[in-house]
Amino acid sequence: MNNDALFYECSLIEYIARQTKNRRCDVVKKLGGDIKRIYDYAEVFHCEPIEKVADDFIQKNSISDGHYDNVAECRYTIPDYWDIGEVFARLIEDCYEGENLVNGIKEVYGSWMADQILNFNSDLYYQSREYIALCYKEGKMLLA
């Protein structure tokens, strides 16, 4: 993981989604233009507690509570928002470059792979970054 801004943003998206019980793709849509702003100023936002930053963006973008709670549905140990943020950041980093990273955020969170990663009753989020990226690029789950 080389991109700290991407890691922070993906972790923030995960945190907001858990707090508001929304699908991650819905949080990304609600954040809209703030996706690029968060990425560009992640180093500044990181100076504040993530709870405060999340609350500020929840309020600013009127992200209301939803009914999606994959954490409550989990039967096993739940990975924290930093762990899942890292999985998403590595996937985006492995599949998109430079200016395309912001578009990559939108595309990955809106993809079929996001639901696969967020199924905490599976072990996909523990798989190697290479395997996850290859599945994403192929558009399907491959045999491990």
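The values are calculated or read from the model by the stated rules, or taken from the named source; none is laboratory data. Since we're looking at a predicted model, the values are computed, not measured. No Cβ is skipped: glycine too gets one built from the backbone with ideal geometry, and neighbour counts run over all protein chains shown. Calculation scope for accessible area: heavy atoms of the full protein, side chains included, ligands and nucleic acids excluded. Shrake-Rupley method; radii C 1.70, N 1.55, O 1.52, S 1.80 Å.
For this structure, a couple of remarks:
- Among the residues of region 95-106, none qualifies, meaning not one is touching a residue at least 24 places away in the same chain (Cβ under 8 Å) and of a type in the set (Phe, Trp, Tyr).
- Out of 51, 9, 43, one residue alone is in a helix (DSSP H, G or I) and open to solvent by less than 10 Å² (accessible area, probe 1.4 Å). It is 9.
- Subset of region 54-68 (residues that are of a type in the set (Gly, Ala, Ser) and either open to solvent by less than 30 Å² (accessible area, probe 1.4 Å) or without any contact (Cβ under 8 Å) to a residue 12 or more places away in the chain (or both)): 54, 66
- Elements of type helices (runs of 4 or more DSSP H) contained in region 79-135, each with 2 or more residues being surrounded by 18 or more Cβ atoms within 10 Å (Cβ to Cβ) and of a type in the set (Gly, Ala, Ser): 81-95
- Filtered by the rule that a residue be in a helix (DSSP H, G or I) and open to solvent by 10 Å² or more (accessible area, probe 1.4 Å), region 12-23 gives 15, 18, 19.
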